[in-house]
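Colleague: If you scroll down you'll find the structure; I have some questions about it.
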Amino acid sequence: MKRIIFGFIITILLAAFFTTFGFAQNNLGKINQSLKAGNASNLAQYFSPSLEVTILDDENTFNKTVATQKVKAFFATHQPSSFVIKHQGTAPNGSKYVIGALTTSKGTFRTYFVLANGLIQELAFED
């Protein structure tokens, strides 16, 4: 009986792990497409309620609504044409991070974001 219960618990834990991993990977693809398209509204679907946003030299923590407005303004003046991932990984705390190059009408920007529970906690566009 203990063996059956133990097997059941392991099965549930593995299913939860792979479901969460798949959710984060799915969000990652959609986030990348939103960056490439310069679609701040689609990107904002993956913002946490409060996130740190860095746009060039302006860094601050904003709620989702203000962060969306800031990213829309950036995309309006720097129309993206491509986003290429240069590096990605998992931090010791389990959050995912992506570092890439966002090519826009005004140059290429080092872009990175941090995901926790499938949502963007930190987003940066730097020279």
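The values are calculated or read from the model by the stated rules, or taken from the named source; none is laboratory data. These numbers were taken from a predicted model, which means no experiment stands behind them. Neighbour counts run over all protein chains shown; Cβ positions are idealised from the backbone, glycine included.
Colleague: Of all the residues that make up region 26-50, how many are in a loop (DSSP other than H, G, I, E, B) and touching a Ser or Thr at 6+ places or on another chain (Cβ under 7 Å)? Please lay out each step first, then the result.
Modeller: Within region 26-50, the first condition is being in a loop (DSSP other than H, G, I, E, B), and the residues that meet it are 38-39, 45-46.
This time we only want the ones that are touching a Ser or Thr at 6+ places or on another chain (Cβ under 7 Å), so: none.
The number of residues fulfilling the criteria is 0.
Colleague: Same structure, new question: From Ala124, Ala67, grab the single residue that is part of a helix (DSSP H, G or I) and in contact (Cβ under 8 Å) with a residue 12 or more places away in the chain.
Modeller: Working: Ala124 fails: part of a helix (DSSP H, G or I).
Only one candidate qualifies: Ala67.
Colleague: To continue, here is another question. With respect to the numbered conditions (1) modelled with pLDDT of 95 or more; (2) surrounded by fewer than 13 Cβ atoms within 10 Å (Cβ to Cβ), which one is the sole condition not fulfilled by Gly22?
Modeller: For Gly22, the failing item is (1).
Colleague: State whether the residues of region 100-115 include one that is within 16 Å of the chain's Cα centre (by Cα), not charged (D, E, K, R) and not in a strand (DSSP E or B).
Modeller: no
Colleague: Within region 71-107, which residues are hydroxyl-bearing (Ser, Thr, Tyr) and surrounded by 14 or more Cβ atoms within 10 Å (Cβ to Cβ)? Step through it out loud before you land on a result.
Modeller: Quick first cut of region 71-107, residues hydroxyl-bearing (Ser, Thr, Tyr) only: 77, 81-82, 90, 95, 97, 103-105.
Result: Ser95, Tyr97, Thr103, Thr104.
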